[in-house]
1. May I ask you to compute the full-extension gain from residue 20 to residue 139, defined as 0.36 nm times their residue separation minus their alpha-carbon distance, rounded to one decimal in nm?
2. Evaluate the distance, in nm, between pseudo-label points positioned 7 Å from the Cα of residue 57 and of residue 103 along their respective Cα→Cβ axes.
3. How high is the relative contact order of the chain, given as a whole-number percent (alpha carbon pairs under 8 Å, six or more residues apart)?
4. In what sequence, highest mean first, do 88-97, 133-142, 158-167 appear when ranked by Cβ atoms within 10 angstrom?
5. Could you pull out every one of the lysines with an alpha carbon less than 22 Å from that of residue 54, ignoring same-chain neighbours closer than 8 positions?
6. About the Cα centre of the range 1-132, how large is the charge dipole given +1 on each Lys and Arg Cβ and -1 on each Asp and Glu Cβ? Please answer in debye to the nearest 20.
7. As I understand it, the dipole of the chain uses +1 on the Cβ of Lys and Arg and -1 on the Cβ of Asp and Glu, about the Cα centre. Which of 24, 60, 103 lies farthest toward its positive end?
8. The range 1-84: which GluC sites (Glu not before Pro) are DSSP loop and have at most 16 other beta-carbon atoms within 10 angstrom?
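Values in this text are rule-based calculations from the coordinates and carry no lab data. Remember, predicted model here, so these are calculated numbers, not experimental data. A quick note on method: Cβ atoms are made from the backbone with ideal geometry, for glycine too, and the neighbour counts reach across all protein chains shown.
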Amino acid sequence: MKVGVLAVQGAFAEMKAFWRAQGAEAFEIRQPPDLERGLDLLALPGGESTVQGKLLADLGLFAPLKARIEDGLPVFAVCAGLILLAENIEGDGTVWFGSLPVTVKRNAYGRQLGSFATQGVFDGRPGVPMTFIRAPAITAVAPGVEVLSTFDGAPTAVRWRGITAFTWHPELAHRPAVFTAI
């Protein structure tokens with residue numbers, strides 16, 4: 001499988017390593033010509049969603065990636081990537097890709113000092129390490145969106161069509177084989 005990792009800002013190196021550990025051919029997407037390599041999955045890493053969105057537009061990546069997502073390209077998104085995909089962001093009229101019918105709230109678990117790690121159930125599998133770093137919360141999901149994990153009753157990972165998105169950072173877990181079914 002060929003995984004294109006958005007590499008304009010954020011934890012793209014960790015995301016690339018995550019997919020390589022699963023045997024994927026992972027490469028960085030920095031400019032439109034990188035899309036010519038072809039990809040089976042787009043990985044959107046954690047980082048600063050506003051910066052990533054601005055850079056996507058400035059570098060000419062936004063329109064071609066949005067078109068591919070709308071055409072059904074599978075997406076694996078973490079934290080800021082989830083915000084880029086969300087149809088709604090609480091307290092912010094900005095919509096980036098708007099491809100995932102959820103509402104999110106930025107930094108819902110606190111700022112950097114509020115970051116934490118725990119274990120939870122992901123897609124029916126217990127004991128999955130979950131690292132929340134300035135994580136957004138998913139505050140609403142549309143019908144048809146599958147909730148894969150929760151924390152304190154709120155969805156923390158969802159799947160809709162070909163999009164799997166997390167508020168936490170699975171790429172930081174030391175057990176990437178847990179996610180081979182994604």
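1. That pair, residue 20 and residue 139, stretches by 39.7 nm at full extension.
2. Going by the 7 Å Cα→Cβ label model, 2.4 nm.
3. Values: 391 pairs, mean separation 32.8, N = 182.
Rounded, it is 18 percent for the chain.
4. Numbers: 88-97: 15.3, 133-142: 19.8, 158-167: 22.1.
Listed from highest to lowest mean packing, they are 158-167, 133-142, 88-97.
5. Output for residue 54: 16, 66, 105.
6. Working: 12 positive and 14 negative charges, 56 e Å.
Using only the charged Cβ atoms, the result is roughly 260 debye.
7. Result: 24, furthest along the dipole toward the positive end.
8. Details: sites: 14, 25, 28, 36, 48, 70; in loops: 48.
Within the range 1-84, the qualifying GluC sites (Glu not before Pro) (loop, at most 16 other Cβ atoms within 10 Å) are 48.
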